[in-house]
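The values are calculated or read from the model by the stated rules, or taken from the named source; none is laboratory data. If you're wondering where the values come from, they're calculated on a predicted model, not measured in any experiment. Quick reminder, even Gly has a Cβ in these numbers, built from the backbone with ideal geometry, and neighbours come from all protein chains shown. These area figures cover heavy atoms from the full protein model, side chains too; ligands, DNA and RNA do not enter into them. Shrake-Rupley method; radii C 1.70, N 1.55, O 1.52, S 1.80 Å.
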Amino acid sequence: MAKLPSTESELSLKDKSSAWRVSILTSLIKLKQRRFWLHLLRDLSLLMIIGFAISSYQQRHMLKDTAPALDLITTQGSMALSGHVNEPKAKLVYFFGTWCPVCRFTSPAVHAITSEHHTIAIALASGTDVQINEFMTHQAYNFDVINDDNGAISQSWGVQAVPAFYILDSENNIVFVTSGASSEWGLRFRLWWANL
């Protein structure tokens, strides 16, 4: 059985002791919360630096000046940039693979902007024209695709990883390059910037 405090001074001593413990615990919790946020900030910064380093490494051979001509025939049998060569809007050149898991995320973003900006895609090592067209139909994508079955086009553009994006201005100068995942809004922003 617990012993009840016999005097008033004994009671106030216990209150002071328990208030002191609560104060220490509260300070420790605040310190742990502060440490948590500092550690989170450190970890996110480190991830961003690593991501930037990987992206820079993947982009090291990508062209940065004038885009090579893309006067090639698409898998649908038309000229790739027919009617869009001297278009006063920015264009997107998108390198992808039907086998690429990251491209499953980026291809819908590319599809979403094709109504506003001319887009040409180069399918790297993705099979025959018929297989690529079947893939495009199955996914309901409507951008033009050039089949790069032997990798020659990708190599001439300096692409070493897919997905890879080139944003061209109205004079076919390369304004932006990026590889890896990119969002629809990120692509839209780059295309808007290239139109300025």
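With respect to the numbered conditions (1) in contact (Cβ under 8 Å) with a residue 40 or more places away in the chain; (2) touching a Ser or Thr at 6+ places or on another chain (Cβ under 6 Å), which one is the sole condition not fulfilled by S126?
Tallying (1) in contact (Cβ under 8 Å) with a residue 40 or more places away in the chain; (2) touching a Ser or Thr at 6+ places or on another chain (Cβ under 6 Å), S126 fails exactly one: (1).
Quick one: which of Q160, Q155 is open to solvent by 60 Å² or more (accessible area, probe 1.4 Å) and outside any loop (DSSP other than H, G, I, E, B)?
Only one candidate passes the filter, namely Q155.
One line per residue, one yes/no per condition, for (1) more than 18 Å from L72 (Cα to Cα); (2) charged (D, E, K, R):
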| residue | (1), (2) |
| --- | --- |
| C100 | yes, no |
| M136 | yes, no |
| Y141 | yes, no |
| D148 | no, yes |
| A161 | yes, no |
| S179 | yes, no |
| E184 | yes, yes |
| F189 | yes, no |
| A194 | yes, no |
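A67 - would you say it is open to solvent by less than 90 Å² (accessible area, probe 1.4 Å) and at pLDDT below 80?
So A67 fails the test.
Quickly run through the range 27-83 and pick out the residues that are aliphatic (A, V, I, L, M) and part of a loop (DSSP other than H, G, I, E, B).
Passing the criteria: M62, L63, A67, A69, L70, L72, A80, L81.
If you scan the range 89-134, which residues turn out to be farther than 16 Å from L70 by Cβ, among the small types (G, A, S), out of contact with any Gly (no Cβ under 9 Å at 6 or more places or on another chain) and not in a helix (DSSP H, G or I)?
G97, S115, G127 - these are the residues of the range 89-134 that are farther than 16 Å from L70 by Cβ, among the small types (G, A, S), out of contact with any Gly (no Cβ under 9 Å at 6 or more places or on another chain) and not in a helix (DSSP H, G or I).
Taking the range 169-196, which residues are surrounded by fewer than 14 Cβ atoms within 10 Å (Cβ to Cβ), more than 12 Å from the chain's Cα centre (by Cα) and part of a loop (DSSP other than H, G, I, E, B)?
Residues satisfying the conditions are E171, L196.
In the set S17, S78, S23, which member is at pLDDT below 75 and among the small types (G, A, S)?
S17
Check the range 130-144 and report whether any residue there is surrounded by fewer than 21 Cβ atoms within 10 Å (Cβ to Cβ), in contact (Cβ under 8 Å) with a residue 40 or more places away in the chain and either in contact with a helix residue (DSSP H, G or I) (Cβ under 8 Å, 6 or more places away or on another chain) or among the aromatic types (F, W, Y) (or both).
yes
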